[in-house]
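Before any comments, here is the structure.
The values are calculated or read from the model by the stated rules, or taken from the named source; none is laboratory data. Computed from a predicted model, the values in this text were never measured in an experiment. We work out accessible area using only protein heavy atoms, side chains counted, and drop any ligands, DNA or RNA first. Shrake-Rupley method; radii C 1.70, N 1.55, O 1.52, S 1.80 Å.
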Amino acid sequence: MASTKTCFVTVGATASFHDLVKGVLSPSFLKALQSHSYTDLIVQYGVDGKQTFDLAVKAAGSSGIQISGFELEKAGLGKYMRLAKGSGKEAQEGVVISHAGSGSILDALRQQIPIIVVPNATLLDNHQVELAEALAEQEYVVHGRLENLAKALEDAERLRERQKEWPPANSGVHRQAKAVGLRGILDEEMGFLD
């Protein structure tokens, strides 16, 4: 059985991000995936992205990469994150490419999967750029840009070698959150102490 290496792409559940779907299915990006030994590309294209996905797959033609996609997964994206992590005997660690939604980013960081964060520039009051820049500056993620996804993939391959553990090691002793709800989750993620 040949080794697999998966690139998992998520655009999130709430906002369209057709440009990211088109970008990861472009011939130049598919060629970049091949050059880094990727075998599989899984795209979560969102609620209104099926037509964009189907047209982009057709335009891509035969790339040597196994391409699949889906709209949404009610059970969450965990199984796709694990595929990108390379869990399994014949699997290499791949990469996650995500819109700059905090939930998707945290999922990948918790599992220590290299992640390329691509902000959706079409959103108003776009906090995604700030989040991507801050996390990239701290070397947790690669801040990807639609116009140069192949370079972001190259950067993610290098990030794999020096990826930091999340949460940061200098955040103190970690505990289980005692508070419930959003406050408890934030306390746990940020490493706040009692």
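Ordered by residue, what ³J(HN,Hα) values in Hz, to whole numbers, does segment 87-101 give under the Karplus form 6.51 cos²θ - 1.76 cosθ + 1.60, where θ = phi - 60° and Gly and Pro are x?
Rounded to whole hertz, the list is 5, x, 4, 9, 10, 9, 5, x, 8, 10, 10, 9, 4, 8, x.
If only Cα atoms are counted, what is the Rg of segment 1-130, and what is its Dmax, in Å?
According to the Cα coordinates of segment 1-130, Rg and Dmax are 14.0, 48 Å.
List the residues whose amide H sits under 5 Å from the amide H of residue 5, counting only those 5 or more places along or on another chain, with H placed 1.01 Å from N in the peptide plane.
39, 40, 92
For segment 95-147, what does the convex hull of the Cα positions come to per residue, in cubic angstrom?
66 Å³
Note down the accessible area of residue 36, probe 1.4 Å, to the nearest 10 Å².
Number for this one is 40 Å².
Please give the solvent-accessible surface of residue 79 in Å², to the nearest 10, using a probe radius of 1.4 Å with every protein chain present.
Here the residue's solvent-accessible area equals roughly 100 Å².
State in Å² the accessible area per residue of segment 8-59; use a 1.4 Å probe, count heavy atoms of protein chains only, and round to the nearest integer.
Spelled out: the 1.4 Å probe surface of segment 8-59, per residue, equals 44 Å².
Over the Cα atoms, compute the radius of gyration (one decimal) and Dmax (the largest Cα-Cα distance, rounded to a whole number) for segment 66-110, in Å.
11.1, 31
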